[in-house]
There are 2 protein chains.
Amino acid sequence: MTQPYRVAVYIVPRRGILDPQGKAIADALHALGFGGVGEVHAGRHLVLDVTAASADDASAQVTAMCRKLLANPVTEDFEIASVGTAR
Amino acid sequence: MTQPYRVAVYIVPRRGILDPQGKAIADALHALGFGGVGEVHAGRHLVLDVTAASADDASAQVTAMCRKLLANPVTEDFEIASVGTAR
């Protein structure tokens, strides 16, 4: 029996890879007076509703999606942030 | 005494707000054969290195940054995902 799960995953540039978006955000924060900010890394946070047999299955499906489409394996790392039942 | 903290925050479109990027991702996943995917919401995941007096202070600073610059208060919700010491 399958049921809907809500899986959150984040995808961030690998450490050491140039991150122009993060740099732009850090510069903007400095200009606004947030002097305590050092490096900023900007990635994506995706929340997917997935029909699956179990939480593990939902997590495995999203891992496969990240490998196949959502994350760039050369420049990005991804991690499943949470798996819950949808509603 | 201040020390460096690493704060992760995610910013996602508010539920009910049109999310064309999420829709495009869902369509691409369907085309790749991931039929179990329903709605997808696409947001940003930011990791900030912040110098602060405590973890609470670091979290409060990042909340102020989200209010002032990082999140759009009309269309987006944000949440601090984690606060840790940097290295």
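The values are calculated or read from the model by the stated rules, or taken from the named source; none is laboratory data. Predicted, not measured: the structure shown is a model, and the values here were computed from it. Cβ atoms come from the backbone with ideal geometry, glycine included; neighbour counts cover every protein chain shown.
Things worth noting here:
- For residue B:62, the conditions (1) crowded, with 19+ Cβ neighbours inside 10 Å; (2) at the interface with another protein chain (Cβ under 7 Å from one of its Cβ atoms); (3) farther than 30 Å from residue A:53 by Cβ all hold with the exception of (2).
- Considering the conditions (1) surrounded by 15 or more Cβ atoms within 10 Å (Cβ to Cβ); (2) at pLDDT 95 or above, residue A:19 is excluded by exactly one of them, (2).
- Here the condition is being of a type outside the set (Ser, Thr, Tyr), within 22 Å of residue B:9 (Cβ to Cβ) and either in contact with a helix residue (DSSP H, G or I) (Cβ under 9 Å, 6 or more places away or on another chain) or crowded, with 16+ Cβ neighbours inside 10 Å (or both); of A:49, A:77, A:27, it holds for A:77 alone.
- Test: residue B:71 is more than 12 Å from the chain's Cα centre (by Cα), more than 8 Å from chain A (Cβ to nearest Cβ) and modelled with pLDDT of 95 or more: no
- Annotation for the range A:51-71: no member residue is touching a strand residue (DSSP E or B) at 6+ places or on another chain (Cβ under 8 Å), without any contact (Cβ under 8 Å) to a residue 40 or more places away in the chain and among the basic types (Lys, Arg).
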